[in-house]
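Q: Before we start, here is the structure in question, set down as structure tokens.
The values are calculated or read from the model by the stated rules, or taken from the named source; none is laboratory data. What you see is a predicted model, and the numbers here were worked out from it, not measured in a lab. Every residue, glycine as well, gets a Cβ built from its backbone with ideal geometry; the counts of neighbours run over all protein chains shown.
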Amino acid sequence: MIRYTIGRVTSLFLSLVVASMVIFAVVEVVPGDPAAYMLGVNARPDTIAALRTELGLDMSAPERYLSWTSGMLRGDFGTSYTYRTPVTQMILDRIVVSLPLAILALGLTVLIAFPAGIYAASRRGKLGDMGVMGATQLGVAVPNFWFAMILVLIFAVKLRWVSAGGFPGWGHGILPGLKALILPAIALALPQAAILARVMRSSLLDMLGEDFIRTARAKGLTRRQALWRHAVRNALIPVLTIIGLQFSFLLAGGIVIEQIFFLPGLGRLIFQAISARDLIVVESVVMLLVALVIIVNFAVDLAYAAVDPRLRVRA
Amino acid sequence: MRLPRSLLLGALLTALFLGGAALSFVWTPYDIELLSIPDRLQAPGWTHWLGTDQLGRDILSMIMMGARTSIAVALLAVGIGMGLGIPLGLTAAARRGSLLDEVIMRGNDLIFAFPSLVIAILITAVFGAGAMNAIIAIGIFNIPVFARLTRGAALSFWSRDFILAARVAGKSSARISVEHILPNIANLMIVQGTIQFSLGILAEAALSYIGLGAQPPTASWGRMLADAQTLASIAPHVALVPGLAIVLMVLGLNLMGDGLRDLLDPRIRVDRT
Amino acid sequence: MSLLSIQGLSLAIGSYDILHDVSLDVAPGEIVAVTGESGSGKSMTALATIGLLPAAARTTGRITLEGQDLLSLSEGQMCSLRGARIGMVFQEPMTALNPVRTIGDQVAETILQHEAVSRAEALDRARAMLNRVGLPEDRFPLSRYPHELSGGQRQRVVIAMAIALRPALLIADEPTTALDVTTQARILDLLKELTQDFGMGLMMITHDLAVVAGMADRIVVMQQGRVVETGPTMHLFQHMQHPYTRALFAASAHQVNLPPAPPAAPLLQVRDVVRSYPRPRRRLFGPRPVMHAVDGVSFTLHRGERLGLVGESGCGKSTLTRALLGLEPVQAGEILLDGAPVWAGNHPNLEVRRKMQVVFQDPYGSFNPRHRVRRLITEPFHLLADPPQGEARTARIAEALTAVGLNPADADRFIHEFSGGQRQRIAIARALINDPALIVFDEAVSALDVSVRAQCLDLLADLCRARPLSYLFISHDLSVVRTITDRVMVMQAGKIVEQGPTEQVFTDPQHPYTRALLAAAPTLPDIKKKTANAP
């Protein structure tokens, strides 16, 4: 177990380093002169020179990379060129919207997909299975942002159950905040839940074909008992992989969905930064998103070991 | 052999959109560059089967033109994913356990940490927006999908005796990969290709919706939805039609993929007897 | 009074008739062996008894256990019988246990399923049962996971699960087929003991007549879904009535006559070969321990000689085979064929490779399913500098197919059109097509039914008479090696522990391991060998 964990931590660290190098290279090296790029074609040479100094472009690329990454390790993401405020603060203001949205959506995904998948597998070939499979086939095909538009149309515009968008902030308590996030979370979660339910079902069906299920049945377990006690936990192993991947889709999908619900999250920040050519903000937010994905997948790796004793090597 | 019903339905839906896209090269009901403000936001009817948008353009014609963009982007992205992913996966499997295998697989893991959207954001921030971004962003994300799948499937063949027999016959790993393994995993790749094609349609729509994909005047379903967003409450069809087009196209491809898997994969067919 | 009584059992799945009018009885404390080749319906009979048939199966007839008709019971009632009154042990111990739950948990589950006892008590009783099947507490605590146990140990856990509630009837479906011969002997002993101690009836499904002979009180012989003969073991062996029983027995004891080997002239020379693999570190920064899969092996195979190699799984025979074929380099020592090394520098020596061919175990996995026989058997032509083309090629294909008893027209068929035995013939044709100096048979007849295996052995003997054939015959099956080789080597833990003329090694083994192997191998009763050889 300890060796497995150390292996995963090493891999986590390496992934973060390589990912940061890739992002740095794309944003700061490929464009040639980031300062000239950020200011556009009409910029005066002295403005460009000033920005070059400000960005530390007189330093070599490796030096800049080191100063960027060591800054991030200290929690300093630099200063936004357009807003003249610390990027760290801007990110902190936005991530309290984006991260809860992704987590809420992930929770909903699992909450919907597990029962649906298990139910479909236990009713294999019967009407219930066909119903779930038909619904998920449709769910997989629905673009989440379009689904979000429809939800807004129905629940905010027509029924007026919730507001069409905006975010009150967490200052007024948890509930108003959650209420603003619930519709976006549903829009994000349903299509992903359809995918996960299908994976859960097929993984369970694979397990139900295994020899150890027959052994369990020979002990006198009913079909349902064999499914719950022996198939579900084994089926989780491939399902966990998909959950890890889905987190990245939910995080990225959130950036799109935020546009529809006027949520002040990372999505809005990054689109403003792109149109303002504020590479410092883009670079930092992208690094943050990628780091979150890597960390979640690291957590998934650790969850494997909790589920599968074959990964815990006995000393 | 009896064709699976899902395959027929899926192929029908897919053919409908492919046909519409192909037809748009020679004919569309109306010219979509022709704006006609008096005709704007008409509901579906006899003159405009699927209605008109806020600029009076015929929505059916725009759907046909948009299908072209969607299909082109998604197909090219699948091409990138297969073209690079399959050789990488075959190489990793042929050199399993080696440093090269490790590098390829770790590289794949790393790409998985960059969702298409994030890649598109990076490219757009540095090079500006365009349909090409969508192709590259989705294509890059497809590479590890195919590489992993290829490696896994190829590995299961490398342990088979007929591969050993080919090695005893003195054939090189590269030759064995192409001659013995590739034909045996081709079905799997076709099925996955169909699935990635459908995911590509969804991703392209999302990217052009937020303005990171195809730019006007290129018609695209995502852009149509972005334009429709503020109009949805007064003219729901401008939001419903492009959305339904995406749903049906993706549904068709997925059904076709499932049907193909049932048809091509003998292991699954045995399972059902 | 019989414990289990099956009367007139017929079974169909869809339009396929699996069983016809099967009847058999098992008394308390009695071991009844149900035997036959693949497709005989023996496993389906077992599954019907415990009520775990595929959902599509339709049955008629009666299966009575302790006076209760099992076929008329509801699924719920069957569940309360399974595990409590009927236990079952399966063939494949590696997959029969849930990999994510401990062995204690899985044995205790049988008890908890049927009796209202506390978890602690169930675990206590599981402990006692594991002790009883030979898994003592100090080495096998309840907290062990299946992956930490060997195949034989896992089979013991499965047995403990099946007998935890002392069922009246135990069904064992090929319980030792996947195990090594020494492990098999111990598991069979355990099953015999348990049957006596618990007074259970044991219904034992096996294809191996030798196992049956040493184990069963009574035998039921099945063929294509029918019981063809039944009777007390010794009586049945002495008075076989049905032609199928006789054929099965003859095939099990089949012997071939090899032509005498030519005078010794070295063909393959193996000297001090070592092949080792690094193993995972025990401690985080400790050194990586090395496993010597092949540890200083030396031997010589002479031209025209038929050499056997026997050993249990993990003894290193597969690794040695790969090294001989030049598929992997060795760390030390040398392998010479006709005086030339099979591995030259960093590459396998193609000159040598073209003189060697191999036949593998699995008749289903040995061929690319997408190619026709013509292409499959000419694959070794790749090794030739100037492979035959056109007419010459067709002639060579026809020649190879004819040599193995197939038709030249078979060249245009796909592999799935052939049976397992025919596929092994095609594999031999592929091995012969380049007229190699040496053929390696790697468990080449192990996956075949006895009658098909006998035909394949005859084919090998015929080939030996027709041409000077030198081969290395690798097998775990001692009786096959005894008849098909001139000389034999015994391998254990990477080393050759004994080698010598086959008959001498079998009749007068020197090394303790050879003796243990021979003692563990089940044998057919002697009396029948005479009748089998008579015609």
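Q: Quick check on the stretch C:75-91: of everything there that is surrounded by 20 or more Cβ atoms within 10 Å (Cβ to Cβ) and out of contact with any strand residue (DSSP E or B) (no Cβ under 9 Å at 6 or more places or on another chain), which residue is farthest from C:Leu52 (Cα to Cα)?
A: If we take residues in the stretch C:75-91 being surrounded by 20 or more Cβ atoms within 10 Å (Cβ to Cβ) and out of contact with any strand residue (DSSP E or B) (no Cβ under 9 Å at 6 or more places or on another chain), then C:Ala84 is farthest from C:Leu52 (Cα to Cα).
Q: Would you call C:Thr59 touching a residue at least 12 places away in the same chain (Cβ under 8 Å), at the interface with another protein chain (Cβ under 9 Å from one of its Cβ atoms) and among the hydroxyl-bearing types (Ser, Thr, Tyr)?
A: No; evaluated as a whole, the condition is false for this residue.
Q: Still on this structure, I have one more. Can you report the number of residues in the stretch A:1-43 which are of a type in the set (Gly, Ala, Ser) and more than 15 Å from B:Phe114 (Cβ to Cβ)? Even if it seems obvious, please write down each step before you answer.
A: Going through the stretch A:1-43, the residues of a type in the set (Gly, Ala, Ser) turn out to be A:7, A:11, A:15, A:19-20, A:25, A:32, A:35-36, A:40, A:43.
When the remaining residues are screened for being more than 15 Å from B:Phe114 (Cβ to Cβ), the result is A:7, A:11, A:32, A:35-36, A:40, A:43.
So the count comes out to 7.
Q: Now for a separate question. Give me the helices (runs of 4 or more DSSP H) completely within the stretch B:176-272, filtered to those with at least 2 residues that are without any contact (Cβ under 8 Å) to a residue 12 or more places away in the chain, ordered by residue number. Walk me through how you get there before you give the answer.
A: Numbers: elements: B:182-209, B:221-228, B:237-264, B:266-272.
It comes to B:182-209, B:237-264, B:266-272.
Q: Next up: Can you find a residue that is away from chain B (no Cβ under 12 Å), touching a Leu at 6+ places or on another chain (Cβ under 9 Å) and part of a helix (DSSP H, G or I) anywhere in the stretch A:282-303?
A: Yes, that holds for at least one residue.
Q: If you take the residues of the stretch C:489-535 that are under 29 Å from C:Gln238 (Cα atoms), part of a loop (DSSP other than H, G, I, E, B) and not small (Gly, Ala, Ser), which of them is modelled with the lowest pLDDT?
A: The selected residue is C:Pro535.
Q: Looking for whichever is crowded, with 22+ Cβ neighbours inside 10 Å, away from chain C (no Cβ under 14 Å) and not aliphatic (A, V, I, L, M) here; the options are B:Gly139, B:Gly152. Which one fits? Walk me through how you get there before you give the answer.
A: Working: B:Gly152 fails: crowded, with 22+ Cβ neighbours inside 10 Å.
One residue alone meets the criteria, B:Gly139.
Q: Just checking: which of the strands (runs of 3 or more DSSP E) contained wholly in the stretch C:279-368 hold 2 or more residues that are touching a strand residue (DSSP E or B) at 6+ places or on another chain (Cβ under 8 Å), more than 17 Å from C:Met489 (Cα to Cα) and facing chain B (nearest Cβ under 10 Å)? Give the steps one after another, and end with the answer.
A: On the way: elements: C:290-302, C:306-310, C:332-337, C:356-359.
Here the list reads C:356-359.
Q: What tally of residues in the stretch C:95-119 results from selecting those that are part of a loop (DSSP other than H, G, I, E, B) and in contact with a helix residue (DSSP H, G or I) (Cβ under 6 Å, 6 or more places away or on another chain)?
A: Looking only at the stretch C:95-119, we keep the residues that are part of a loop (DSSP other than H, G, I, E, B), and these are C:95-102, C:115-118.
Going one step further and asking which of them are in contact with a helix residue (DSSP H, G or I) (Cβ under 6 Å, 6 or more places away or on another chain), we end up with C:95-100.
Final tally of qualifying residues: 6.
Q: I'd like to know if the stretch C:49-62 contains one or more residues that are surrounded by fewer than 20 Cβ atoms within 10 Å (Cβ to Cβ), touching a Lys or Arg at 6+ places or on another chain (Cβ under 7 Å) and of a type in the set (A, V, I, L, M, F, W, C).
A: Restricting attention to the stretch C:49-62, the residues satisfying the condition of being surrounded by fewer than 20 Cβ atoms within 10 Å (Cβ to Cβ) are C:52-62.
Now narrow it down to the ones that are touching a Lys or Arg at 6+ places or on another chain (Cβ under 7 Å): C:52.
The next check asks that each one be of a type in the set (A, V, I, L, M, F, W, C); those that pass are C:52.
Within the stretch C:49-62, one or more residues are surrounded by fewer than 20 Cβ atoms within 10 Å (Cβ to Cβ), touching a Lys or Arg at 6+ places or on another chain (Cβ under 7 Å) and of a type in the set (A, V, I, L, M, F, W, C).
Q: Ok, one more. What single numbered condition from (1) more than 30 Å from A:Val282 (Cα to Cα); (2) surrounded by 24 or more Cβ atoms within 10 Å (Cβ to Cβ) fails to hold for B:Phe146?
A: (1)
Q: Which condition breaks for C:Gly316 when tested against (1) out of contact with any Gly (no Cβ under 8 Å at 6 or more places or on another chain); (2) surrounded by 15 or more Cβ atoms within 10 Å (Cβ to Cβ); (3) among the small types (Gly, Ala, Ser)?
A: Result: C:Gly316 passes all but (1).
Q: One residue is enough: does the stretch A:160-181 have a residue meeting the conditions part of a helix (DSSP H, G or I), within 23 Å of B:Val247 (Cβ to Cβ) and either away from chain B (no Cβ under 14 Å) or not aliphatic (A, V, I, L, M) (or both)?
A: Taking the stretch A:160-181 first, the residues part of a helix (DSSP H, G or I) are A:170-172, A:174-181.
If we keep only those that are within 23 Å of B:Val247 (Cβ to Cβ) as well, we get none.
No, there is no match, as no residue in the stretch A:160-181 is part of a helix (DSSP H, G or I), within 23 Å of B:Val247 (Cβ to Cβ) and either away from chain B (no Cβ under 14 Å) or not aliphatic (A, V, I, L, M) (or both).
Q: Something else about it: Residues that are in contact with a strand residue (DSSP E or B) (Cβ under 9 Å, 6 or more places away or on another chain), within 30 Å of A:Pro264 (Cβ to Cβ), outside the structural domain of A:Asp301 (by TED's automatic domain parsing) and not in a helix (DSSP H, G or I): does the stretch A:84-100 have at least one?
A: Within the stretch A:84-100 (the criterion being in contact with a strand residue (DSSP E or B) (Cβ under 9 Å, 6 or more places away or on another chain), within 30 Å of A:Pro264 (Cβ to Cβ), outside the structural domain of A:Asp301 (by TED's automatic domain parsing) and not in a helix (DSSP H, G or I)), the answer is yes, since at least one residue qualifies.
Q: On to the next question. If I go through the stretch A:195-246 residue by residue, how many of them are surrounded by fewer than 18 Cβ atoms within 10 Å (Cβ to Cβ), more than 10 Å from chain C (Cβ to nearest Cβ) and of a type in the set (D, E, K, R)?
A: Counting residues in the stretch A:195-246 that are surrounded by fewer than 18 Cβ atoms within 10 Å (Cβ to Cβ), more than 10 Å from chain C (Cβ to nearest Cβ) and of a type in the set (D, E, K, R) gives 2.
Q: Please tell me if C:Val310 is without any contact (Cβ under 8 Å) to a residue 60 or more places away in the chain, in contact with a helix residue (DSSP H, G or I) (Cβ under 6 Å, 6 or more places away or on another chain), closer than 26 Å to C:Thr502 by Cβ and surrounded by 22 or more Cβ atoms within 10 Å (Cβ to Cβ).
A: Numbers: without any contact (Cβ under 8 Å) to a residue 60 or more places away in the chain: no; in contact with a helix residue (DSSP H, G or I) (Cβ under 6 Å, 6 or more places away or on another chain): yes; closer than 26 Å to C:Thr502 by Cβ: yes; surrounded by 22 or more Cβ atoms within 10 Å (Cβ to Cβ): yes.
No.
Q: Here are the criteria: (1) of a type in the set (D, E, K, R); (2) within 23 Å of A:Ala194 (Cβ to Cβ); (3) in a loop (DSSP other than H, G, I, E, B). Tell me which single one A:Asp129 does not satisfy.
A: Unmet for A:Asp129, out of (1) of a type in the set (D, E, K, R); (2) within 23 Å of A:Ala194 (Cβ to Cβ); (3) in a loop (DSSP other than H, G, I, E, B): (3).
Q: Out of curiosity, is C:Val181 β-branched (Val, Ile, Thr) and away from every other protein chain (no Cβ under 14 Å)? Explain how you work it out, then say what you get.
A: Working: β-branched (Val, Ile, Thr): yes; away from every other protein chain (no Cβ under 14 Å): yes.
Yes.
Q: Test of understanding: among B:Gly170, B:Gly128, which residue is of a type outside the set (A, V, I, L, M, F, W, C), within 14 Å of chain C (Cβ to nearest Cβ), over 22 Å from the mean Cα position of the chain (by Cα) and surrounded by fewer than 20 Cβ atoms within 10 Å (Cβ to Cβ)? Even if it seems obvious, please write down each step before you answer.
A: Working: B:Gly128 fails: within 14 Å of chain C (Cβ to nearest Cβ).
When all the criteria are applied, what remains is B:Gly170.
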